1. Working only within segment B:320-368, note down all residues that are among the small types (Gly, Ala, Ser) and over 32 Å from the mean Cα position of the chain (by Cα).
2. Tally the residues that are more than 20 Å from B:Arg58 (Cβ to Cβ) and hydroxyl-bearing (Ser, Thr, Tyr), restricting the search to segment B:262-302.
3. State yes or no: is B:Arg259 within 21 Å of B:Gly64 (Cβ to Cβ) and charged (D, E, K, R)?
4. Looking at segment B:323-346, which of the residues that are out of contact with any strand residue (DSSP E or B) (no Cβ under 8 Å at 6 or more places or on another chain) and at the interface with another protein chain (Cβ under 10 Å from one of its Cβ atoms) is modelled with the highest pLDDT?
5. Within segment A:46-76, which residues are away from every other protein chain (no Cβ under 14 Å), polar (S, T, N, Q) and within 10 Å of A:Ile104 (Cβ to Cβ)?
6. In this structure, does A:Thr239 turn out to be in contact (Cβ under 8 Å) with a residue 40 or more places away in the chain, hydroxyl-bearing (Ser, Thr, Tyr) and more than 23 Å from A:Gly199 (Cα to Cα)?
Amino acid sequence: MMLAPAPFLLKEVSVRRVMTQVCIALLPGIAAYTWLIGPAILVQLVIASLTALLAEAVMLKVRGKPLPLFLADGSALVTAWLIALVFPPLAPWWLVALGAVFAIVVAKHLYGGLGQNPFNPAMIAFAVCIVAFPALMSQWPSVGLQLATADQINVILGLAPRVDALSGATPLDALKTALKLGEGEVDVAQLLANQDIFGNFAGRGWEWVAAGYLLGGLWLWRRRIITWHVPVAFAAGLTAISGALWLYNPAHFASPLFHMFSGGAMLGAFFIATDPVSGCTTPRGKLIFGAGAGVIAYVIRVFGGYPDGVAFAILLMNLGAPLIDLLCQPPIFGMKDKA
Amino acid sequence: MLRELFRFKGGVKLPANKTQSTGLPIAVAPLPSRLAVPLHQSIGGKPRPVVQAGDRVRKGQLIGEADGWISAAVHAPTSGAVAEVAMHVQPHPSGLDALCVVIEPDGRDEWIERTPVDYRTLTLEELRARLQQAGVVGLGGAVFPTHGKLTPAKTVPMDELVINGAECEPYITCDDLLMRERAEEVVRGAGIFRDLLQPKKVLIGIEDNKPEAAAAMRAAVDALGEPFSVVVVPTLYPAGGAKQLIRVLTGKEVPASKRSTDLGVQCFNVATAYTAWRAIAHGEPVVSRIVTVTGNVQAPRNYEVLLGTPMNELLGLANPHPDTGGIIMGGPMMGFLVPDPRAPVTKATNCLIAHDERLFPPKPPEMPCIRCGACAEACPHELQPFEMYWFARAKNFGKTQEYHIFDCIECGCCSFVCPSRIPLVQYFRFAKSEIWAREREKNAADGAKARFEFKQQREEREKAEKAEKLARAAAAQAAKKAAEAAAAAAAPDHAPDHAPDHAPDHAPASAAAAAAPPPVAVDAEKAAKMATIQAAIERAKAQREAARPKNTEALSADQQRAVAEIEQRRAVLEPVLTDAAAAAGESPGKAE
């Protein structure tokens, strides 16, 4: 007779279920992306997923792990989807594939695989590619670009030339460049009035993609996959620094609302900074982690040379996460007055 | 009555599965074929057997005498003959045997003479002693001797007495039925505890999934006119843990490092209160208990069972389905599969669950920890189970203690919620037992070291005393030699070869070294020892010099005098140099 240990009851939960819910929560954002930016993202999602799963299978085989169990845990899929969503939608197929392979092979498995990676693999992929291929990683579809689905796919697969019309920028980048070129002559309010680029409050199309991530993130919170700490602290950190500078000089600095709905802020706050493996796990640690990521993201995206700072902000906070957690251990039952 | 309730963090909601066994009243289990009554049925000292094979015993007769204050007596559950006092399989996950009194029942179930007393006529000490002699222990599962918990702390006033009727584990209903059917005696037992501890309030906590029990207890409290509060608490596992119930009812958090009485609160199970009352007011020691028999059986029910009844016979009463694959003792969260179905029912046996894979599916394979933190959220003691898991896995037991592993009550909430299916509680049990084992080893090693050091000290003392005697003799001898040497130096025609046992060149130095006390102030013992050593060295040197001719042999008297002077200065300086070197933490040899 096998002497199985207590408890004999187990909740209906699994890693796979957790990862599946994260993927489901990304769907509203993906839907908005597809509708407003273009169906190319779906192609990128497929490319990223296939390469990530292939790389995962190879690495599991190499490491001698049970293939069906680990391949089905869904963690590689989450990484792949995040990569597809943070890369430019019309990036060449090999760039996305390279990111996915690097994320799975180096950032995940070489560090010990599921649960062991000190950095978020998707963010590592983004960082590596933006450093190695800065031009390609900065080519976003020009605003209002009308390109047939087939043409979009051709661009991704390299069957059509990467026309100049593609070398646009994100609204965030556009604002930064305009402010830089204007050299104090231009006003943020004037620039943002251009609804063709900046939409209603943060970026035409992109603001609704961010809203989709917000919706999915709230659902994750409702499902208790994530806690409120990281997203709220991220928003608070970003709002604090952007709000202070905006109040100081509204002509030169955009509002917190613009920043929260631009670039990777919303995706980062709900889906990336909340990654428990590479982030903080104690309640106070999560608050520090989120707030730090929010502040650093702002500093990099506004004063730095990269189009957005969310990826680097999260990676930098990943570095500090173990120490933050060590210092933020909550007091235990019966020891609260001492702590 | 409305009362403010407190919450404890964490906890899990579980399917109750209690109604199966509450449909029928408590039944008295028939006399089993044989009883194997373990002598060690409580925390603390192992009771000594006071019967032998062949003795005739009556129901309630003492068969195991309490050993020490934290220990409780054991009694014959029925009348009959003692077949043997021998090792017998135990309901313990280890599967190890323990000493049992095996009784062949005679079927008459004949009691000893029972002497009911009015406990108010007893002193508090007598009352505690009676509870100990009657074998009253915590029947919630911890089996701590009850009398040991009935002394209030000296410095802290007793605020609350908590009577635990929460029964939070799924499937178990023995306390529920006890409260429904014997509420009055439970309340009277609580009255005894109240009189011993003198708390300001008595709170009886019952989970809200047992309305009948709560109603019965309320009625009994009212009927007896006791000022006790029956408090219905939300059903949330592990609300029935003593510390959790104390928290819910009083807001106090008892850490692992403290006794609850240090915070002015104490907690007893309802069944313990019941047996305490039976023991005092009826003179009946604890020889039986109520056991829920449920799970994969046709007729789940609660039975009043004699201690020592083989579990398979008890389970047989409920008609287990043929596919039953083992017996869980306790609930599905904290219980264990008994290694042998013939193991006896003990005071800790509150529930038997017929195990079956439909009720308790086999565990899916373990995955790596993804640090999701679900375990930390579920932990009622607000620990960080996943951190303890990493360190337990790495056998970094010091770190597990930094993360308060000994505050873990092994409730199983973390394992229950873990999406990676990691048997966290197992890791913690492993870490705890490793720490205990190392502690024991260390204590054993410390003891051995202390004994060794004591022996060494004694030997050194004896050696020093002996050396002192020898030193005195050696000093005298050296002085004599010095005198001889001086005489030899005075006579130039003296040939050193003729005296193989002494060296004239060095004799003055040795005499000076032996005769002059070391310049540093030391006690007599040390001085004597040094003198002995010095004398021995000089003897060895003398022998060596005698055996080997040297270039210093053909020296003039002036030269010899100069050498002797130098040697003398050196002899005075040497101990100083040696001491300085030792103080600098270097070996004397390196000082040069």
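The values are calculated or read from the model by the stated rules, or taken from the named source; none is laboratory data. As the structure is a prediction and not an experimental result, all values here were calculated from the model. Neighbour counts are summed over all protein chains in view; Cβ atoms, including those assigned to glycine, are modelled from backbone coordinates with ideal geometry.
1. We begin by selecting, within segment B:320-368, every residue among the small types (Gly, Ala, Ser); these are B:325-326, B:330-331, B:335, B:343, B:348, B:354.
B:Gly325 - this is the single residue of segment B:320-368 that is among the small types (Gly, Ala, Ser) and over 32 Å from the mean Cα position of the chain (by Cα).
2. Counting residues in segment B:262-302 that are more than 20 Å from B:Arg58 (Cβ to Cβ) and hydroxyl-bearing (Ser, Thr, Tyr) gives 4.
3. no
4. In the first step, residues of segment B:323-346 are kept if they are out of contact with any strand residue (DSSP E or B) (no Cβ under 8 Å at 6 or more places or on another chain); the result is B:323, B:325, B:334.
Still in the list and also at the interface with another protein chain (Cβ under 10 Å from one of its Cβ atoms): B:325, B:334.
On the way: B:Gly325: 86, B:Met334: 94.
So, considering only residues that are out of contact with any strand residue (DSSP E or B) (no Cβ under 8 Å at 6 or more places or on another chain) and at the interface with another protein chain (Cβ under 10 Å from one of its Cβ atoms), the one modelled with the highest pLDDT is B:Met334.
5. Result: A:Thr51, single match.
6. no
Okay, residues lined up against (1) among the aliphatic types (A, V, I, L, M); (2) within 14 Å of chain B (Cβ to nearest Cβ):
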residue: A:Pro256; (1), (2): no, no
residue: A:Phe261; (1), (2): no, no
residue: A:Leu267; (1), (2): yes, no
residue: A:Asp275; (1), (2): no, yes
residue: A:Gly290; (1), (2): no, no
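Here's the yes/no breakdown for (1) of a type in the set (Val, Ile, Thr); (2) more than 14 Å from chain B (Cβ to nearest Cβ); (3) crowded, with 20+ Cβ neighbours inside 10 Å:
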{"site": "A:His109", "(1), (2), (3)": "no, no, yes"}
{"site": "A:Gly113", "(1), (2), (3)": "no, no, no"}
{"site": "A:Asn117", "(1), (2), (3)": "no, no, yes"}
{"site": "A:Ala122", "(1), (2), (3)": "no, yes, yes"}
{"site": "A:Phe126", "(1), (2), (3)": "no, yes, yes"}
{"site": "A:Met137", "(1), (2), (3)": "no, yes, yes"}
